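Here the structure comes first, spelled out in structure tokens, and everything after it is commentary.
No value in this document is a laboratory result; all are computed from the given coordinates. Computed from a predicted model, the values in this text were never measured in an experiment. Cβ atoms come from the backbone with ideal geometry, glycine included; neighbour counts cover every protein chain shown.
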Amino acid sequence: MQQTYIMIKPDGVQRGLIGEVISRIEKRGLKITAMKMHTLEKEIARSHYAEHESKGFFGSLIDFITSGPSVSMIIEGGNAVTVMRGINGATNPQEAAIGTIRGDFGLDTGRNIVHASDSVESAKREIAIHFKESDHSEYKRIDEQWLYE
């Protein structure tokens, strides 16, 4: 099974959307193998968003993502990266389909509720930034036989 990294950003936490996001993940059939709520330190945030360092919005992005608690998760399932990005919707909520997290709850790209890894390689890098190996839980969901051939 593939793993991906998901973060409910400070705006999602402050708006009381943690349960909604987790519910959508679980209802789709993906499983959460690690989860923690924390306020990111600036150094961790800079490492997480390193690919944006040269962009003009980098400073405000770091300020925002470290402004309050977020919820980090490792999500596991078949094609988890692609499936999770579909659940989240387009980065710009105005372009996100209704029925996606961003399409249903977002209005602005800078406050788009959730982050999801964009590739398997990014997922591995982001998981390593936010979780130790001992944070991972391995288990089999009772409904996996009904989710996969």
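Residues of segment 18-29 include none that is assigned to a loop (DSSP other than H, G, I, E, B) and out of contact with any helix residue (DSSP H, G or I) (no Cβ under 6 Å at 6 or more places or on another chain).
Take LYS124 and decide whether it is more than 26 Å from SER47 (Cα to Cα) and of a type in the set (Lys, Arg). In short, no. State yes or no: is SER122 surrounded by fewer than 20 Cβ atoms within 10 Å (Cβ to Cβ), more than 12 Å from ILE6 (Cα to Cα) and among the hydroxyl-bearing types (Ser, Thr, Tyr)? So SER122 does not fit the description; no.
Of the residues making up segment 1-27, just one is surrounded by fewer than 16 Cβ atoms within 10 Å (Cβ to Cβ) and in contact with a Pro (Cβ under 9 Å, 6 or more places away or on another chain), namely GLN14. The set of residues in segment 41-81 that are in contact with a Ser or Thr (Cβ under 6 Å, 6 or more places away or on another chain) and within 30 Å of ARG141 (Cα to Cα) comprises PRO69, ILE74, ILE75, GLU76, ALA80, VAL81. Determine if segment 52-59 includes at least one residue that is buried (at least 20 other Cβ atoms within 10 Å of the Cβ) and in contact with a helix residue (DSSP H, G or I) (Cβ under 8 Å, 6 or more places away or on another chain). Scanning segment 52-59, I find no residue that is buried (at least 20 other Cβ atoms within 10 Å of the Cβ) and in contact with a helix residue (DSSP H, G or I) (Cβ under 8 Å, 6 or more places away or on another chain), so the answer is no.
Criterion applied to GLU76, GLU138 was being of a type outside the set (S, T, N, Q), touching a residue at least 40 places away in the same chain (Cβ under 8 Å) and surrounded by 15 or more Cβ atoms within 10 Å (Cβ to Cβ), and the one residue passing it is GLU76.
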